[in-house]
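Asks: Pasting a structure here, questions to come.
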Amino acid sequence: MEPGLKLCPWGAEGAVVGVSRASAPARHGLPAQRPQHVLRLLWRRRRRQQAREARFRDYLRAMGWTADEHTGVLVGEMAGWPLTAYEDARGRSIIEFRAPAAMSPVLARPRPRGGPIVMEQDGLTVLMTGDPDFDEAYEVRAAEPWFAYLVLGTEVRRGLLAAPPQEWSIEGARLTAIGPHLDDPLDLLARTGSLAAVLESVPWQAYTDTTVPPQRAAVVAAMAGREPRLTHAQATALSQPD
């Protein structure tokens, strides 16, 4: 995470953008005076920004989340999973979750329209979940496809589709998502909620070593021992070829 970056919607002061074209008095060397309609526009813009910041702060307070007053970096939890959120230098909103153990790599990003599909890249294999809406919206790649099938269950896919589009990836014990600038706290809650659902679907009961993801056989044994029987979706996911 880059230091000193501010996630503007919940409290960092935003710059008021003035008029880019010089006024007539300024062109003639006289003190510049903004027209009344420009001042009214800037005043309304500032009021909207203040209202948006207040709304974000109200939601953060209700969730028990805090934002650093100097950096604007948000710290909190969603469904018990610790997270941080901030904006990078390009104005993108970044959400990072920390998991208790390393996970098998997965990359999901909004599917580009009309672009070619590369079946394997950087050691990750592209997969189709069989859900037409989700497969049209997201391109998913995974080091171990069975793991991606397992965590992307029906409810998880619905949550990701309901949230604003975001590129997210699992690497080690971290889940990171990148999305556009946030203007609405409900977008933040939808995104963090959908990502927490991904972590909830990881078969944590199969772990014996927090530094190494379990093999599929260990996951099958652990889940079969915990549940009376695997659900159809779980059995299908674990039976997918590597």
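Asks: Cα-Cα pairs above 18 Å in segment 29-115: how many percent?
Replies: Everything past 18 Å amounts to 68 percent.
Asks: So if the hydrodynamic radius of segment 143-204 is defined as the Kirkwood radius over C-alpha pairs, what does Stokes-Einstein give as its diffusion coefficient at 10 °C and 1.306 mPa s, in µm² per second?
Replies: Value of D from the Cα-based Kirkwood radius: 130 µm²/s.
Asks: Continuing with this model, one more query. So what does log10 I(q)/I(0) come out to for segment 47-171 at q = 0.11, 0.17 Å⁻¹, using the Debye formula with one equal point on every Cα and no solvent?
Replies: Taken in order of the listed q values, log10 I(q)/I(0) reads -0.50, -1.03.
Asks: Another question, then. Just need the relative contact order of segment 118-221 here, percent rounded to a whole number, with Cα pairs under 8 Å and 6+ apart.
Replies: About 21 percent, as a whole number.
Asks: Hey, how much of the P(r) for segment 99-222 falls beyond 19 Å, as a percent of Cα pairs?
Replies: 47
Asks: Would you mind ranking Trp43, Trp204 so that the residue whose beta carbon has the fewest other beta carbons within 10 Å leads the list?
Replies: Trp43, Trp204
The numbers here are math on the coordinates, done by the rules we state, and not lab data. The shown structure was predicted, so the numbers you read here are calculated from the model rather than taken from an experiment. All Cβ positions, glycine included, derive from the backbone under ideal geometry; neighbour counts span all protein chains shown.
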